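Structure first, then comments.
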Amino acid sequence: MNYKLLLILFNFFVINISSQNCDDILMDNIYNPGPYNYATILESDGMRDGPDYFGATLYYPVDYEGYLPSLILVPGFVSPESTVSEWGPYLASHGYIVMTIGTNTLTDLPQDRANALLDAR
């Protein structure tokens, strides 16, 4: 198991959640876009197609200047990329660069998904 990846993800979520106001974490806010417009880049636009994942979409805020946090989302077992794709626009509109990827097969094992995340970075 890739403990470094788990530690990085844990630190990312702990830092981001602890820095938010609890009032911001409401169910109503999940459906409200953030203050930034976003754009996408697809593999058909020339983005790299990695051998350890299948299909990818990059979402990024277009009207933001400065450094941005980024993350890569891979779907769960027997799920296609489309199951995590709604997070891309939402998080990009809140100032994140987000890449959603699919897996080579829907039954890729956890280690295969970890390799896909590393390949996409």
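The values are calculated or read from the model by the stated rules, or taken from the named source; none is laboratory data. As the structure is a computational prediction, the values presented were derived from the model and not from experiment. In this analysis, Cβ positions are derived from the backbone assuming ideal geometry, glycine residues included, and neighbour counts consider all displayed protein chains.
Before moving on, here are some points about what is shown:
- Restricting 72, 25 to residues that are touching a Lys or Arg at 6+ places or on another chain (Cβ under 7 Å) and either at pLDDT 90 or above or loosely packed, with under 11 Cβ neighbours inside 10 Å (or both) narrows the list to 72.
- Among residues of segment 22-39 that are under 16 Å from residue 98 (Cα atoms), those with a beta-carbon under 8 Å from a residue that is charged (D, E, K, R) and modelled with pLDDT of 60 or more at least six positions away or on a different chain give the pairs 36/63; 37/63.
- Residue that is surrounded by the most Cβ atoms within 10 Å (Cβ to Cβ), among those in segment 32-50 that are touching an Asp or Glu at 6+ places or on another chain (Cβ under 7 Å) and not small (Gly, Ala, Ser): 36
- Residue, surrounded by the most Cβ atoms within 10 Å (Cβ to Cβ), within segment 100-121, restricted to residues that are under 13 Å from residue 55 (Cβ atoms) and touching a Leu at 6+ places or on another chain (Cβ under 8 Å): 100
- Conditions (1) small (Gly, Ala, Ser); (2) in contact with a Leu (Cβ under 9 Å, 6 or more places away or on another chain); (3) under 18 Å from residue 121 (Cα atoms): number failed by residue 34: (3)
- The set of residues in segment 49-104 being among the hydroxyl-bearing types (Ser, Thr, Tyr) and without any contact (Cβ under 8 Å) to a residue 24 or more places away in the chain consists of 67, 82, 83.
- Every condition in (1) surrounded by 15 or more Cβ atoms within 10 Å (Cβ to Cβ); (2) more than 13 Å from residue 51 (Cβ to Cβ); (3) in contact with a Gly (Cβ under 9 Å, 6 or more places away or on another chain) is met by residue 89 except one, and the failing one is (3).
- Residue check for residue 97: under 9 Å from the mean Cα position of the chain (by Cα), hydrophobic (A, V, I, L, M, F, W, C), surrounded by 14 or more Cβ atoms within 10 Å (Cβ to Cβ) and farther than 14 Å from residue 113 by Cα: yes
- Residue 92 among the small types (Gly, Ala, Ser), assigned to a helix (DSSP H, G or I) and touching a Phe, Trp or Tyr at 6+ places or on another chain (Cβ under 8 Å): yes
- Output for segment 66-84, where each listed residue is in contact with a Pro (Cβ under 9 Å, 6 or more places away or on another chain) and either assigned to a loop (DSSP other than H, G, I, E, B) or basic (Lys, Arg) (or both): 68, 77, 84
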